[in-house]
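The values are calculated or read from the model by the stated rules, or taken from the named source; none is laboratory data. Fair warning: this is a prediction, and the values are worked out from it, not measured in the lab. Backbone-built Cβ (ideal geometry, glycine too); neighbour counts: all protein chains shown.
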Amino acid sequence: MSDHQDNRETGFASGEKSTELAAAPGHLGRWDFLRYGAAAGLGAIALLNSQPAKATQVNRVVTAQPFAVSPIPGVLDLYINEGYLRMVDRSLVYHRGFGDRPSNLNDFSPSLAVTPKVFTADGRLVESRSYPLGAPLPPHGTPQPFGPDPANPGQYYIRRNYWASYYPQRTIIAEVGGRIRIRIQNRLSKPHQFVLHGAGPDRSDVGTGSIDPGGTALLELDTPAPGTYIYADPTNAPVERVLGLFGVLLVVHPEHQWAIGEDLASFERQWLWICHDVDSVWAGIEASGGTVDPRITKAVPRFFLLNGRSGFESLGITTDDALNLASEEETLISGYPRQLDVRQFGEGSELGTVRGGQLVRMVNPGIVFHQMHFHGNHLWTVGRNNYNWPRRNGFVDPEGHVVIQQWEDVVELEPMDRKDCIIPIKRPPDAINPVWDARTTDWEYPMHCHAEPSQTAAGGLYPGGLVAHWTLKAPIKGAAL
C-alpha cells in the first residue's frame with residue numbers, strides 16, 4: 001500500500017496516529033514520538049519546489065535566525081512551526097502554522113496559531129482575545145440586554161456600542177490609521193511565504209516573498225480599508241493552507257468599532273468564523289518528507305473545523321470546561337431576542353440602545369465549498385470579500401451569484417471567500433404566540449454545513465464535521481413584560 005493512501009487496516013491515514021496517542025488536547029507524549037517518530041518522518045529535510053508568490057514584496061529582509069528573535073516594540077513576531085494536533089476523534093494529524101513563539105515538531109503543545117493580537121491606530125501591539133479594547137466582556141459570550149422592550153413582550157432593548165467581542169486563535173486585528181509590522185521566521189526545512197491577500201494597493205496581495213529555511217522576513221504596510229482579509233502561505237497552493245499556514249486579519253475603523261463601516265450596518269457584537277479543512281493524507285505525505293502534488297493526489301478532507309474545533313468540541317459539549325467556554329465565547333452565537341428591521345439596523349428605541357442584530361464574519365481559507373445553513377432565523381447578507389452589497393438595484397455577477405443584500409438561510413462560501421452577515425437574534429417567524437409566551441428556557445438552533453463532504457467524512461453524522469448552534473436566550477425573570 002502506498003504511503004499516500006489511507007491505512008485501511010487501522011482506519012487512520014498516513015500522518016495520522018491512533019486514539020491511544022492523545023492523552024490531552026494538542027499534547028503528545030515522549031513515548032508517542034519514540035514509537036511513531038520514524039513513521040512520521042521526523043527530521044525530514046526535503047525542500048519544496050515552490051511556486052513564486054504573486055504578491056508585492058515589501059521591506060523584505062532575510063537573515064539567518066535559527067532561534068527566537070529579539071522582540072521589537074510594535075512588531076508582531078510569527079514563527080512558521082510544525083507539530084501534531086489532536087483531532088476530535090483523538091487522532092493526531094501533522095500540521096504547520098504561524099505561531100507566536102518558536103516550537104519544534106516534538107513539542108507537547110506546538111505553537112501553530114497566533115494568539116489574537118491588536119495593532120492600534122497609535123502604534124501599539126496589544127495581546128487581547130477581545131475587542132474593542134477595554135469594552136466589557138459579555139458573560140459566556142452572550143451580551144446582556146439594556147432592559148425589556150415594553151412594546152414587544154419577551155424582547156429586549158440592546159445596548160449600543162457597549163460589548164466587546166471574543167476572537168479565535170489565528171486572528172490579527174488592526175485599526176485604521178495604524179501600521180502593520182509583522183516579522184516571520186521560517187523554522188522549517190522548506191521555503192515558505194507569508195501573504196496578506198487583497199490588503200495592498202488596489203486590493204493587491206502583499207507578501208514577504210520566499211523565506212529560506214532558518215530565514216526571517218519583515219513585512220510592513222499601512223493598515224488597509226476596514227474588512228476581513230486572509231493571510232496564508234501560497235506556496236504550492238492550496239497545500240500549505242490545508243496544512244495550517246493561514247489566518248485572518250480583521251481591520252476595524254477605531255471610530256466605528258460596532259459597525260461594518262461608516263454609515264453601514266451596526267451590530268451588538270460580532271463573531272468571526274474561520275473554516276478549515278484537514279486532509280490527513282496530504283499531511284502524511286508532507287510529514288514523511290514528500291511534497292504533495294494536488295493534481296495527482298486529490299484532496300479528500302477528513303475533518304472540517306470551525307475556529308479550530310469540529311463535531312461535539314465545536315458544540316461545546318465536552319468534559320473540558322475550558323474548551324466549552326472558549327467555544328461559547330468565540331463560536332456559539334447567542335443573544336436576547338429583539339425587534340429588528342433590516343431597513344434600519346441602527347434604529348434605537350431608547351437613548352443608548354440599538355435594534356441591530358449580531359455580525360457574523362464567515363471566512364473560508366480552506367478548499368471545500370461550504371454552505372452554512374442556519375435553523376430558526378435567516379441571515380441578512382451585507383457583503384462579500386470586502387465589497388458591500390447594494391440594498392437595491394442588485395445584479396448577477398459573472399459566477400451566477402445574485403449580488404444584493406438579502407435574507408439567506410444557506411450562506412455559500414467558496415474557497416478563500418469572506419462573507420459578512422447579520423444574524424437578527426429575533427423571535428423566529430414560526431413561533432406562534434402561545435409557544436412564545438410560554439417559553440422559560442433557552443432555544444438552541446443548529447447551524448451545519450450542507451456541503452456533502454463535511455457531512456459524510458469519517459462515517460457521517462458530523463463526527464468530524466463543520467457544525468455549531470446559536471441560542472435565543474430565555475426571558476429574564478422579573479424583567480420581561
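Summary of values
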{"item": "Of residues in the stretch 322-357 being in a strand (DSSP E or B) and at pLDDT 95 or above, the one surrounded by the fewest Cβ atoms within 10 Å (Cβ to Cβ)", "result": "Ser334"}
{"item": "Checklist (1) touching a residue at least 24 places away in the same chain (Cβ under 8 Å); (2) assigned to a loop (DSSP other than H, G, I, E, B); (3) surrounded by fewer than 21 Cβ atoms within 10 Å (Cβ to Cβ) applied to Pro390, failing item", "result": "(1)"}
{"item": "Hits in the stretch 442-458 - residues which are modelled with pLDDT of 95 or more and either farther than 21 Å from Phe304 by Cα or in a loop (DSSP other than H, G, I, E, B) (or both)", "result": "Asp442, Trp443, Glu444"}
{"item": "Residue among Ser204, Ser210 that is surrounded by fewer than 18 Cβ atoms within 10 Å (Cβ to Cβ), in contact with a Ser or Thr (Cβ under 7 Å, 6 or more places away or on another chain) and at negative phi", "result": "Ser204"}
{"item": "Which listed residue is touching a Ser or Thr at 6+ places or on another chain (Cβ under 7 Å) and under 24 Å from Leu272 (Cβ atoms), from Glu240, Glu175", "result": "Glu175"}
{"item": "Condition check for Gly227: surrounded by fewer than 23 Cβ atoms within 10 Å (Cβ to Cβ), within 20 Å of Thr120 (Cβ to Cβ) and modelled with pLDDT of 95 or more", "result": "yes"}
{"item": "Only listed residue being out of contact with any Ser or Thr (no Cβ under 8 Å at 6 or more places or on another chain) and in the same structural domain as Phe146 (by TED's automatic domain parsing), chosen from Arg355, Arg338", "result": "Arg338"}
{"item": "Test for Glu412: is it buried (at least 17 other Cβ atoms within 10 Å of the Cβ) and in a strand (DSSP E or B)", "result": "yes"}
{"item": "Residue count, the stretch 287-320 (criterion: among the charged types (D, E, K, R), surrounded by 19 or more Cβ atoms within 10 Å (Cβ to Cβ) and free of Cβ contacts under 8 Å to residues at least 60 places away in the same chain)", "result": "0"}
{"item": "Hits in the stretch 145-182 (condition: among the hydrophobic types (A, V, I, L, M, F, W, C) and in contact with a strand residue (DSSP E or B) (Cβ under 9 Å, 6 or more places away or on another chain))", "result": "Phe146, Ile158, Ala164, Ile172, Ile173, Ala174, Val176, Ile180, Ile182"}
{"item": "Set Pro153, Pro145, Pro168: member being under 30 Å from Asn433 (Cβ atoms), part of a loop (DSSP other than H, G, I, E, B) and touching an Asp or Glu at 6+ places or on another chain (Cβ under 8 Å)", "result": "Pro153"}
